[in-house]
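Colleague: One structure follows; several queries about it will come next.
The values are calculated or read from the model by the stated rules, or taken from the named source; none is laboratory data. Remember, predicted model here, so these are calculated numbers, not experimental data. In this analysis, Cβ positions are derived from the backbone assuming ideal geometry, glycine residues included, and neighbour counts consider all displayed protein chains. Protein only, heavy atoms only, side chains kept; ligands, DNA and RNA dropped before computing areas. Shrake-Rupley method; radii C 1.70, N 1.55, O 1.52, S 1.80 Å.
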Amino acid sequence: MRVCLRMLSFPVALVAVPALLAAGCSKRNLMIGGVTIDLDAGADLAGGGAGGGAGGGAGGGAGGGTPPTDAGGTLPTDAAESPCVSAAFLLPWTRAASTIGRLDVVATPGAIAVVNRQARQLDVRTYTRDGAVIGGFQFAADAQFLPYREGRFLLIARGVTGAFVATAIDPDLVDGTRLYSAASSATEHMLGAIALETTAIVITDEHFVNVGTGRSVAWSTVFGAGDSVGFQSGRLYGMATQSDRVLIAWGAGEVLRLAVLDTAGALVAIATDDKFLAYLGSETATTIPWDTGLLLFDGNPVRLTQIGFDLSRTIIGENQQLRTFYRTAPRIAAAPLAGRPVAFWLTVFPATDNSQGVTTHQLYGCELDVAAPAACATTAFIAATGLGGYGIAQEPVAAAAIPASGAFAIAHTDGDGRSWLRVADLACPGAGP
């Protein structure tokens with residue numbers, strides 16, 4: 001079933017559906033073409049709170065915004081200073097315009113999506129590997145945007161009825177195929193999602209949701225009414241799947257919580273470690289699916305921990321090479337290079353200055369050897385950022401491997417308040433041990 005995404009987007013009441021259908025597949029918010037470049041495009045749209053479109057449509061404020069336009073033109077001199085970088089281009093969000101939120105990168109063989117999770121909307125822009133704009137659209141703040149099959153992306157957002165709807169969407173963000181839907185409450189917010197072969201699992205602050213079967217299970221039912229699981233106050237670190245099992249890692253402060261559920265939401269196993277993370281470790285802890293579970297990154301120096309579906313936690317070791325100031329942990333590309341995970345993070349390497357601000361942080365890629373994590377098997381310089389001091393912990397860095405290419409797409413900010421997307425290959429002449 002082919003649908004126009006515009007028909008899934010407006011935050012309209014049911015009484016307005018006939019007017020929506022009559023509007024057809026308008027692309028007025030998606031027409032980019034040869035428009036004038038605007039570096040501050042994509043500002044938060046008026047209306048909506050921190051929860052985004054909890055009671056509205058999948059498109060959040062898209063119906064009332066200006067058409068998204070994207071950066072281009074002459075690039076500053078640092079745009080391609082690294083021999084590892086094959087393409088570098090400005091993103092349309094700047095700190096001066098208060099349009100930089102949490103950045104994520106999602107890649108298919110033919111398109112790169114940069115996802116900017118702002119307070120009141122999810123702003124998505126898609127590009128080719130050489131920086132040409134494909135599309136742009138704003139969705140509700142808690143919408144989930146994932147890689148999918150056949151060069152498409154998977155969007156999970158609220159439909160016009162308020163239900164969660166999973167749509168396989170083209171890179172131009174115009175047309176899509178509706179796959180699944182599941183009922184939702186008016187108050188819950190999506191925290192994360194993962195795609196399986198025949199369904200998608202959504203974690204909200206209230207429920208475990210199998211969008212393919214439509215089954216939704218309250219956390220009080222999963223864990224028991226007396227167990228405070230903290231999905232509303234903590235962070236979801238990540239998820240992994242294995243057969244019909246889902247491994248979830250989340251927590252707050254120093255607490256690491258783990259659970260394995262089946263795809264119907266029945267609890268298989270649960271574990272809680274109250275002191276696993278360092279002080280305020282939950283602020284930057286992150287995971288990727290790896291081996292037979294999750295690979296957790298936390299702390300400074302960065303610690304690697306393998307988490308299994310049996311809820312075992314094997315501390316692999318710390319990376320002593322790419323040091324950071326304050327609490328920054330790496331942002332990880334969830335794909336291997338030569339059988340090893342690749343991480344990108346802001347670091348003072350190759351300097352050793354620890355004065356909390358004299359030496360700025362550069363963006364480096366690190367090919368991690370889990371058998372010997374203290375040093376990177378390969379390091380690759382990506383960009384000079386001009387960023388330094390304690391504020392480094394709040395600077396977003398996100399990366400994704402480009403399938404079937406050996407290259408990575410990395411989004412980050414710089415000291416001048418701009419945001420960038422760079423395409424890099426760690427097997428480059430500038431990479432080294």
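Colleague: Only one of (1) part of a strand (DSSP E or B); (2) at pLDDT 90 or above; (3) surrounded by fewer than 20 Cβ atoms within 10 Å (Cβ to Cβ) fails for LEU311. Which number is that?
Modeller: All conditions pass for LEU311, except number (1).
Colleague: Here's a follow-up. Within the stretch 236-262, restricting attention to residues that are open to solvent by 40 Å² or more (accessible area, probe 1.4 Å) and touching a residue at least 24 places away in the same chain (Cβ under 8 Å), which residue is nearest to THR213 (Cα to Cα)?
Modeller: Looking at residues that are open to solvent by 40 Å² or more (accessible area, probe 1.4 Å) and touching a residue at least 24 places away in the same chain (Cβ under 8 Å), I get ARG245.
Colleague: Out of (1) among the charged types (D, E, K, R); (2) over 21 Å from the mean Cα position of the chain (by Cα); (3) not in a loop (DSSP other than H, G, I, E, B), the odd one out for ARG257 is which?
Modeller: Every listed condition holds for ARG257 apart from (2).
Colleague: While we're looking at this one, here's another question. Keeping to the stretch 314-346, report how many residues are within 21 Å of the chain's Cα centre (by Cα) and open to solvent by less than 40 Å² (accessible area, probe 1.4 Å).
Modeller: 13
Colleague: Another one. With the structure loaded, tell me whether ILE134 is modelled with pLDDT of 95 or more and open to solvent by 20 Å² or more (accessible area, probe 1.4 Å) or whether it fails that test.
Modeller: yes
Colleague: Another question about this same structure. Do any residues in the stretch 208-227 that are touching a residue at least 24 places away in the same chain (Cβ under 8 Å) and farther than 21 Å from VAL165 by Cα have Cβ atoms under 8 Å from those of residues that are open to solvent by 30 Å² or more (accessible area, probe 1.4 Å) and not in a loop (DSSP other than H, G, I, E, B), where the two are at least six apart or on different chains, and which pairs are they?
Modeller: VAL222/LEU267; PHE223/LEU267; PHE223/ILE270
Colleague: Turning to a different aspect of this structure: Being of a type in the set (D, E, K, R) and open to solvent by 20 Å² or more (accessible area, probe 1.4 Å) is the filter here, so list the residues in the stretch 138-149 that pass it.
Modeller: ARG149
Colleague: Residue by residue through the stretch 182-229, note down the ones that are open to solvent by 20 Å² or more (accessible area, probe 1.4 Å), more than 19 Å from the chain's Cα centre (by Cα) and closer than 22 Å to ALA119 by Cα.
Modeller: Once the filter is applied, which keeps residues that are open to solvent by 20 Å² or more (accessible area, probe 1.4 Å), more than 19 Å from the chain's Cα centre (by Cα) and closer than 22 Å to ALA119 by Cα, the stretch 182-229 yields SER184, SER185, ALA186, THR187, GLU206, HIS207.
Colleague: Still on this model: Restricting to the stretch 150-167, name every residue that is small (Gly, Ala, Ser), buried (at least 18 other Cβ atoms within 10 Å of the Cβ) and farther than 16 Å from LEU122 by Cα.
Modeller: GLY162
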